[in-house]
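Scroll down for the structure; my scribbles are underneath it.
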Amino acid sequence: MNVTAVGGGVTRANFFTDLGKNVIVVILGISINSVNAVMVHTFTRHHVLRSNPRYVLFFHLVLNDMIQLTISISLYIFAFALGTIHVFICLLLILPAIISTINTPLNLGVMATECFLSICFPLRYNNICTVKRTCIIISFIWAVSSLSVLPDVFILLATEQQHFFLSRVFCDRDNVFHSSYSKEKTNAIFLVFLVLVWLTLFYTYFRVLLTAKAADADATKARSTILLHAFQVLLCTMTFLQPLLMQLLRYLFPQGVASVHFTIFVIIQIFPRFLSPIIYGLRDKTFRKYLSRYCLCVQIPASRK
C-alpha cells in the first residue's frame with residue numbers, strides 16, 4: 001500500500017485504482033467459489049460420484065482450492081483495507097493457506113497416478129483404487145503438509161515473546177516465520193515436493209503413452225489429463241518462484257509495483273483455481289452429466305414460479 005501524508009491526514013495514492021483491483025479479485029473469487037460449490041454439491045448428491053476414487057480426489061482438490069482461494073483473497077483485502085493485522089490473527093490465516101498450497105501439487109500427483117493405474121492396470125484398478133484407500137491417501141496428504149509447517153510454529157513459539165503475537169505486521173509468511181531456518185526449510189520442502197510430483201507426472205505420462213494404443217479414446221484422454229496436471233503443477237511451481245518473479249518485475253517495472261503485485265496474485269493464486277472446475281468437472285463426461293441434471297432441477301422450479 002502506497003500511503004502518503006497530506007495536510008496532517010492520510011491519503012491513499014491511486015485509491016480508486018486499488019479499490020478496482022480489489023473489486024475484481026473479489027468478483028473472481030466469488031465466481032470461482034460459486035462454481036466450485038455447485039461441483040461440491042453435485043458430488044455429495046450422487047452416490048455414483050462418491051463411490052468413484054477419481055471423483056473423490058476431484059472433490060478434495062476443489063474443496064482445497066476453495067479454502068486456499070478464500071484465505072488468499074481475504075489476505076489481499078486485509079492488505080488493502082488495513083495494511084497490517086495482529087500476528088496471531090495472521091498466523092491463524094497463514095497456516096491453512098500454507099497447508100492448502102502444499103496440498104495442491106500432492107493431490108495432482110495422486111490424480112495423475114490414478115489415471116495411470118486406470119489405463120495401465122485396468123483389470124487390477126478396482127482392487128488397487130478404492131474409496132477407502134483414496135480417503136487414506138487424502139488424510140496422508142494433509143498430514144504431510146501439516147507436519148511440514150509444524151516446525152515453523154514450534155520455532156516461533158520458542159523464540160518469540162508474547163508481545164510479538166500482539167504486534168501488527170503485514171500478513172506475509174516471511175514476516176511471521178522470519179527465522180532463517182524456517183525460510184530455508186520451507187524452500188527445501190517445497191522443492192522436494194515439486195520434484196517428486198514432476199517425476200510422478202513424467203513417469204505416468206510416458207507409461208500411459210507407451211502402454212496404451214493410440215486409437216484408445218480413454219488413453220488419449222488420460223494423456224491429455226496428465227498434461228493438464230503438469231500445467232497446474234507448473235503454476236504451483238510459480239508459487240515457489242514468486243519472490244524471484246517479484247524482484248524481476250519490480251526491476252523491470254519500478255513505477256508499477258502495485259500492478260505487478262496484482263498481476264502476480266491473479267496468475268498464481270486465482271488462475272489455477274479457475275482451471276480446476278473446467279479440467280475435472282465440465283471436461284469429464286460423467287460428472288458433466290450429473291452436473292447438468294442438477295442445474296436443470298434447479299432451473300425447473302424457478303420457471304414454474
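Surface analysis of segment 50-202 yields an accessible area of 48 Å² per residue, using protein heavy atoms and a 1.4 Å probe. Placing dummy labels 7 Å off each Cα toward the beta-carbon, the span from Gln247 to Ser259 is 2.4 nm.
For the peptides 104-112, 225-233, 199-207, 184-192, what is the packing order when you average, over each peptide's residues, the other Cβ atoms within 10 Å and list the highest mean first? Please report the intermediate quantities before stating the final value.
Values: 104-112: 24.3, 225-233: 20.3, 199-207: 17.3, 184-192: 14.3.
Highest mean packing first, the order is 104-112, 225-233, 199-207, 184-192.
What a 1.4 Å probe finds exposed on segment 4-155 is 74% carbon and sulfur by accessible area, rounded to a whole percent. Packing, taken as the mean count of other beta carbons within 10 Å per residue, orders the peptides 166-177, 265-276 from highest to lowest as 265-276, 166-177.
Remark: the Cα gyration tensor places segment 77-123 in the prolate category, a/c being 1.5 or greater and a/b exceeding b/c. Shape of segment 95-144 from the C-alpha gyration tensor: oblate (a/c of 1.5 or more and a/b not above b/c, with a ≥ b ≥ c the square roots of its eigenvalues). In the assembled protein chains, Lys132 presents an accessible area of approximately 150 Å² (probe radius 1.4 Å).
The values are calculated or read from the model by the stated rules, or taken from the named source; none is laboratory data. Remember, predicted model here, so these are calculated numbers, not experimental data. FYI the Cβ positions are ideal-geometry reconstructions off the backbone, even for glycines, and counts take in every protein chain you see. Each accessible area value is taken on the protein alone, full model and side chains, heavy atoms only, with ligands, DNA and RNA left out. Shrake-Rupley method; radii C 1.70, N 1.55, O 1.52, S 1.80 Å.
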